[in-house]
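The block underneath contains the structure these notes are about, expressed in structure tokens.
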Amino acid sequence: MLPSVYAPKDFKRLFAAGDIVARCFEFITPHIRAGISTGEIDRMVAEFLRVNDARSASLGYHGYPKHICTSVNDVIVHGIPRDDEILKNGDIINIDLTAEHKGFHADSSRMFMIGNVSQRAQELVQTCQDALNSAIAVCAPGVPLSEIGRTIEAIVRPHGFSISEDFVGHGIGKVMHDDPQIYHWHDKKFDSMKMVPGLVFTIEPIICECGNKCKIDEDGWTARTVDGCLSAQWEHTIGITEDGAVIFTEQQY
């Protein structure tokens, strides 16, 4: 049996955790504009989680120092919020939040466009969101895990963008990271691994404006494109049901 397979009663707890994540994004969205620091966004999230009986699963994870990841422009993933990083007109930013609530985890990330961004940046952000939504739509019992990557490639390639192969989706539930890995490009080794009811995992494609190679900053966390081009990511936590898939990280109540 695949790891990260949960019972229907566990889905209720996953929906509760995911609802907190979704409501947190709704709470911070009006504030994500030019002039705010990524450090201030982090503090807003921390306070929201506190009053909603949840905690950031990222804080302290392998020494990670903040509650969220804030990846601006050429940062692919794991950008660390800072008070001296101020969002400005034309920026794009990914905010990645994993919350733990009553023993269950939910993981999601969203892109935000600050002011007037370039047409190519808009296309990048929209293509990435389309790829995520299309991948979720094909998920159902009996579908190979490889179909996720195949679907994402079909959306992304015609735009001339590349897909990061350094970071993957993952099983999730009682722990933040579990098997199976979820590739966002087609790999035939996952052709024989089929989705089953109860399977819970993230889909989180990262697409890059130009090349998909990354480098890690001296902080040991921040991964950015080698060529300095833009990167975008969208993410949801989903669960496989008897007849399709549900999204936990959408607002429920």
Original post:
What's the number of the condition Ile238 fails, among (1) part of a strand (DSSP E or B); (2) within 13 Å of Ile76 (Cβ to Cβ)?
Top reply: (2)
**OP:** Quick one: in the range 200-231, of everything that is among the small types (Gly, Ala, Ser) and within 19 Å of the chain's Cα centre (by Cα), which residue is farthest from Gly173 (Cα to Cα)?
**Re:** Ser231
Original post:
Got a sec? Which of Phe167, Phe112 is of a type in the set (Phe, Trp, Tyr), over 28 Å from Pro3 (Cβ atoms) and not in a helix (DSSP H, G or I)?
Top reply: Phe112
Subject >> Residue within the range 97-105 that is under 18 Å from Asp219 (Cβ atoms), at pLDDT 95 or above and either open to solvent by less than 10 Å² (accessible area, probe 1.4 Å) or not in a loop (DSSP other than H, G, I, E, B) (or both) present >> reply: no
Original post:
Quick one: in the range 173-190, which of the residues that are open to solvent by 50 Å² or more (accessible area, probe 1.4 Å), outside any strand (DSSP E or B) and modelled with pLDDT of 95 or more is farthest from Ser58 (Cα to Cα)?
Top reply: His186
**OP:** Among the residues of the range 140-172, write down those that are open to solvent by 50 Å² or more (accessible area, probe 1.4 Å), of a type in the set (D, E, K, R) and without any contact (Cβ under 8 Å) to a residue 60 or more places away in the chain.
**Re:** Glu147, Arg150, Arg157, Glu165
Subject >> Meets criteria (over 13 Å from the mean Cα position of the chain (by Cα), closer than 29 Å to Phe11 by Cβ, not aromatic (Phe, Trp, Tyr) and not in a loop (DSSP other than H, G, I, E, B)) for Pro197 >> reply: no
Original post:
Only one residue in Ala135, Ala131, Ala121 is touching a strand residue (DSSP E or B) at 6+ places or on another chain (Cβ under 9 Å), assigned to a helix (DSSP H, G or I), open to solvent by less than 50 Å² (accessible area, probe 1.4 Å) and more than 22 Å from Leu199 (Cα to Cα). Which one?
Top reply: Ala121
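The values are calculated or read from the model by the stated rules, or taken from the named source; none is laboratory data. Since the structure is predicted, the reported quantities are computational estimates derived from the model, not experimental observations. Cβ coordinates were reconstructed from backbone atoms using ideal geometry, including for glycine residues, and neighbour counts include every protein chain displayed. Heads up: the accessible areas ignore ligands, DNA and RNA and are worked out on the full protein's heavy atoms, side chains in. Shrake-Rupley method; radii C 1.70, N 1.55, O 1.52, S 1.80 Å.
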